[in-house]
1. Can you tell me the orientation of helix 154-179 relative to the chain, as the angle in degrees between its alpha-carbon axis and the longest Cα principal axis, to the nearest 10?
2. If I model a spin label as a point 7 Å beyond the Cα along the Cα-Cβ vector, how far apart are those points for residue 318 and residue 65 in nm?
3. For 322, 417, 119, which order do you get if you count the other beta carbons within 10 Å of each Cβ and list the fewest first?
4. Any idea what Rg and Dmax come out to for the range 151-202 if you just take the C-alpha atoms, in Å?
5. Would you list 320, 52 from fewest to most Cβ contacts within 10 Å?
6. Compute and list, largest first, the equivalent-ellipsoid semi-axes of the range 92-147 from the alpha carbon gyration tensor, each √(5λ) rounded to a whole angstrom.
7. Per 0.36 nm of contour for each residue apart, how much would the distance between residue 282 and residue 370 grow if the chain were fully extended, relative to their Cα-Cα spacing?
8. Quick one: angle between helix 97-109 and the longest Cα principal axis of the chain, in degrees between 0 and 90, rounded to 10, please.
Ligand code: SDX
């Protein structure tokens, strides 16, 4: 017998509302007619609202569980490649060896970017934030590939998602090269997805760049960890734009905009600024007191869903050791570790169930790899494009989905007569 929610309204009527059988207990309140009309919910920030049914990513925030299509994140991080995970997110199954080989060829065929996009990136000031350059480049892609607007055509959908997956590393690398005044490096078909990205970022004129295998694997793991995360803010933005009938490029451009926020993907950049501002381990207690007094947030801590340690943070913390073997330990690590130690014992954080999230340690790795902080969120957007494509596809093919148009509770004045200028 499935659970029901009994709702009795002041008019004396009562209703048994079915509670869905999914992973969270939810019911459909629009079915509750009252004397004054159907009942809506007021839920700012959608803290307690399921906006869709999805089969892509499962999170249990209390247990700190993350699975892509049912596969635990720690197993994928340890044994898969990023393109293998992208295939899994999109098609729902791990690829066979032949499928993976074909998939890699398909994605890697689409690494080149139209020269107009190069001009678009060049048109920015050199010090413009690379997320703005990336957002512009991705959003411009539907102008080069008009077939992307045919969102009801399965072949066009798949081709343009593959185009996006292939081209996003190139645009991200060019956004970085533009910011340091270096020539743009073109994709090298002899290199895999991550190694090619690293070469486009760091190649100098004199020699062909070959990443240290430990660095390449660490970035591959970071890509896998950032690939998807159910209905986070930027994925919600992608789905909202998609719900109006938009192509994957326009929708992903909106996702990049949402991810840019310091409370979301921009947090990894903010963590480094926070650690640098604290400056030394002995100043950590003073900073913590400032957080508890509401003068600052502990960036990289807290999560809307995880009320336990973010499983990705645990894996990234381990990846730090691999990268620091190559680059040397990032001196800010000791401040981060002291912040975590104190926060995990302090009642303020414990009662609010605040733990390190995916952004707390990732910036330390990116900085050790000599990325400037403004590139950290770009390094989040590149792998998250795989999840955005899967979520976009699920949204545009979901028969239950409609254009996203929430209601509001109006609090302004009503029915006022126009006031002539002379009387204002
Ligand atoms: C990502 O959603 C996703 O899945 C996102 C993501 C993904 O993969 O897509 O996981 C990636 O965005 C990770 C989060 C990165 N952001 C940060 O690290 C920024 C710092 N964190 C906070 O801003 C905050 O924790 C959020 C935004 C992440 C979550 O905020 P919520 O769920 O809206 O929680 P809240 O702001 O209502 O906080 C509840 C309480 C409040 O205290 P009280 O008002 O009850 O006294 O906890 C406090 C908050 O003040 N709090 C913090 C805090 N986070 C929450 N206090 C200090 N430092 C923090 N970081």
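1. 60 degrees
2. So the two model labels end up 1.9 nm from each other.
3. Working: 322 16, 417 5, 119 9.
Neighbour counts put them in this order, fewest first: 417, 119, 322.
4. 13.3, 41
5. On the way: 320 20, 52 17.
Ranking 320, 52 by Cβ neighbours within 10 Å, fewest first, gives 52, 320.
6. Values: eigenvalues 185, 35, 22 Å².
Taking √(5λ) for each eigenvalue gives 30, 13, 11 Å, largest first.
7. Details: separation 88, 0.36 × 88 = 31.68 nm, distance 2.60 nm.
Computed gain between residue 282 and residue 370 is 29.1 nm.
8. The angle comes out at about 80 degrees.
Each reported figure results from applying straightforward, stated rules to the coordinates on display, with no laboratory input. Because the structure is predicted, anything quoted here is derived from the model rather than measured. Glycine also receives a Cβ, built like all others from the backbone with ideal geometry; neighbour counts cover every protein chain displayed.
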